[in-house]
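The values are calculated or read from the model by the stated rules, or taken from the named source; none is laboratory data. Since we're looking at a predicted model, the values are computed, not measured. Ideal geometry is used to build each Cβ from the backbone, glycine not excepted, and the neighbour counts take in all protein chains shown. Keep in mind that these areas ignore ligands, DNA and RNA; they rest on the heavy atoms of the full protein, side chains included. Shrake-Rupley method; radii C 1.70, N 1.55, O 1.52, S 1.80 Å.
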Amino acid sequence: MQKIFKELSQKISDSELQFSNLKFSSLLKFKTEILAGLTVALALVPEAVSFSFVAGVHPLVGLYAAFIVGLITALIGGRPGMISGATGALAVVMVALVSLHGVEYLFATVVLMGIFQITAAFLRLGKFIRLVPYPVMLGFVNGLAIVIFLAQMSQFQTTDLSDSRQWMEGQTLLVMLLLVITTMVVIWVMPKITTIIPAPLAGILFVATLVISLDIDVPRVSDLASIKGGLPTFHIPLVPLNTETFIIILPYALILATIGLIESLLTLNLVGDITGKIGGASQECVAQGIANTVTGFFSGMGGCAMIGQSMINVKSGGRTRISGISASLFLLLFIVVGSSLIEQIPLAALVGVMFMVVIGTFAWQSIMVIRRIPMTDVVVMLIVTAVTVIYDLAIAVICGVIVSALAYAWNNAVRIRGNVKVDDDGNTIYYIEGPLFFGSVQGFSEIFNLDTDTDIVIVDFINSRIVDQSALQAIEDLAVKYKKRKKHLQLRHLSTDCHSLLRKAGQLIVDADDDPSYGVAVDYGVKPGVFGKTH
């Protein structure tokens, strides 16, 4: 009895220890998530203000967007750990609308943008992000890293008495660079010392303390703009509800919705690769749509996923929705009650954080593997990088996908070939290899020896597929040519999808069950004249 009681006591003690360790571990994770959110919020302030200036709106319009979009996507987004807010990719599109029609039209556009994104989610258009090849992803992250780097250059400029921007010189530039380097060094060294405080936050706090205590004269957040404000309030955009307004905002809303979803879904994949978890594309589309629709009714400029801030969050240990939620709440806290303190943070500290993000975002391995990958992939990667920097992300990704698709089509077009044999019955059999589609129909037609073939010609598709209308037309044209020579064309080994395609086209004249596993070979005749000539 005493032995049983001793064993029971030991089990209870072990359970209490495990529970205590679990509780302590949970507290540590929670603290890490909160501190990661604080770090992101500090870095969000100058970004949101800068993008507001780019779009030509008041800084609070960008800050409110960062808060609302960030909070809603953190709550219901497809990838915990992602950060969303006002972005430069959207701001450069908005500036023309604001300058021509005013900020109220921007709010209406953001609402319509959100509706389009929700519609895209219900149509499950997010799944098409899988068509983006890996070289396009590399070009995307490289281009965005360069864009983030170039965006920081404005912090090395000052405004003179005539309100013109001038590059820093002399001692001012030297001090700025030293503080940026100091921030980067702290961020690099901190993980080697302790992980209790996220490295980016440690860098910001260290340099901010140094600047404030020594009263170093360098640009601070307050030099950009005041971030003081109240809680965002509900506001219906003051625009006429008529067809003219809809025609004005429609193209902008479509472009913004497209750019926002592309950047968000690519960031979703990137963060998923880093954290090893898969995100929901459709769920992210819904979250972005709801976030932008709500933002438009609360005087925000809209937004999407931010790769830079997402990288800061992930590198700081943010893995759950807590970090994104806390980042948004901290940002609101800064706006409402903490503006005087946040405005004292030196811009050099935030620039140093973003420079470290650039170093961590840029796919350095893409440079190392240039000689090992196909030249087409290298060209695609460089095109996407260049177009991202020069124009915007959406155009870059579309260009990359188009070039990749054309290259893929060409590679398959030149690979089609046929091996010809004569069977025991004296029939000519062509064994086709490679897909038959619009790019390979010319090569397909050149395989056959129309004049020398036997009376019955069998085309075996066991190693091929009939893909599109061009393929159907090519088969019919071939049947017509053989018919003129008093010869008969048959098709063999059609897979289920090819069988359905040909049956739908009305080309099959033999009604038989084709065995998808090719257990039984069935020869199908071809009915010429279904499509006819289109020229």
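Things worth noting here:
- The criterion of at least 2 residues that are closer than 18 Å to His101 by Cβ, hydrophobic (A, V, I, L, M, F, W, C) and modelled with pLDDT of 90 or more is met, among helices (runs of 4 or more DSSP H) falling completely within the stretch 214-311, by 243-275.
- Residue check, Gly426 open to solvent by less than 80 Å² (accessible area, probe 1.4 Å) and part of a helix (DSSP H, G or I): no
To keep it simple, each residue is scored yes or no on (1) over 24 Å from Ser226 (Cα atoms); (2) within 18 Å of the chain's Cα centre (by Cα); (3) not hydrophobic (A, V, I, L, M, F, W, C).
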residue	(1), (2), (3)
Ser50	no, no, yes
Ala55	no, no, no
Met113	yes, yes, no
Gly126	yes, yes, yes
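- Checklist (1) under 34 Å from the mean Cα position of the chain (by Cα); (2) touching a residue at least 24 places away in the same chain (Cβ under 8 Å) applied to Ser445, failing item: (1)
- Whether a residue is on the phi < 0 side of the Ramachandran plot, crowded, with 17+ Cβ neighbours inside 10 Å and within 18 Å of the chain's Cα centre (by Cα) was assessed, and Leu393 passes this test.
- Residue check for Asn411: surrounded by fewer than 16 Cβ atoms within 10 Å (Cβ to Cβ), modelled with pLDDT of 90 or more and among the polar types (S, T, N, Q): no
- Leading residue by the ranking (most open to solvent (accessible area, probe 1.4 Å)) among those in the stretch 436-458 that are part of a loop (DSSP other than H, G, I, E, B) and hydroxyl-bearing (Ser, Thr, Tyr): Thr452
- Phe355 vs. criteria touching a helix residue (DSSP H, G or I) at 6+ places or on another chain (Cβ under 7 Å), hydrophobic (A, V, I, L, M, F, W, C), farther than 13 Å from Ala43 by Cα and open to solvent by 10 Å² or more (accessible area, probe 1.4 Å): no
- Hey, Thr233 among the hydroxyl-bearing types (Ser, Thr, Tyr) and more than 30 Å from Thr159 (Cβ to Cβ) or not: yes
- Criterion violated by Ser154 - all others in (1) free of Cβ contacts under 8 Å to residues at least 24 places away in the same chain; (2) touching a strand residue (DSSP E or B) at 6+ places or on another chain (Cβ under 9 Å); (3) under 23 Å from Gly308 (Cβ atoms) satisfied: (1)
- Selection within the stretch 459-478 - open to solvent by less than 30 Å² (accessible area, probe 1.4 Å) and within 37 Å of the chain's Cα centre (by Cα): Ser464, Ile466, Ala471, Leu472
- Whenever a residue of the stretch 357-385 is modelled with pLDDT of 85 or more, its partners that are open to solvent by 20 Å² or more (accessible area, probe 1.4 Å) and not in a helix (DSSP H, G or I), lying with C-beta atoms within less than 6 angstrom and at least six residues away or across chains, give the pairs Val378/Ile370.
- Within the stretch 237-253, one or more residues are among the aromatic types (Phe, Trp, Tyr) and within 30 Å of the chain's Cα centre (by Cα).
- Gln344 passes every criterion in (1) part of a helix (DSSP H, G or I); (2) touching a residue at least 24 places away in the same chain (Cβ under 8 Å); (3) open to solvent by 30 Å² or more (accessible area, probe 1.4 Å); (4) under 30 Å from Ala208 (Cβ atoms) apart from (1).
- Counting only helices (runs of 4 or more DSSP H) that sit wholly inside the stretch 21-138, those with at least 3 residues that are over 25 Å from Gly338 (Cα atoms) are 88-101, 103-122.
- Residue match in the stretch 228-248 (condition: of a type in the set (Gly, Ala, Ser) and farther than 30 Å from Pro133 by Cα): yes
- A count restricted to the stretch 191-247 and to residues that are closer than 30 Å to Leu174 by Cβ and of a type outside the set (D, E, K, R) stands at 29.
- Within the span defined as the stretch 483-495, one or more residues are at pLDDT below 85 and at positive phi.
- Selected residue [modelled with pLDDT of 90 or more, more than 16 Å from Phe297 (Cβ to Cβ), open to solvent by 20 Å² or more (accessible area, probe 1.4 Å) and more than 23 Å from the chain's Cα centre (by Cα)] from Leu22, Leu38, Leu17, Leu60: Leu38
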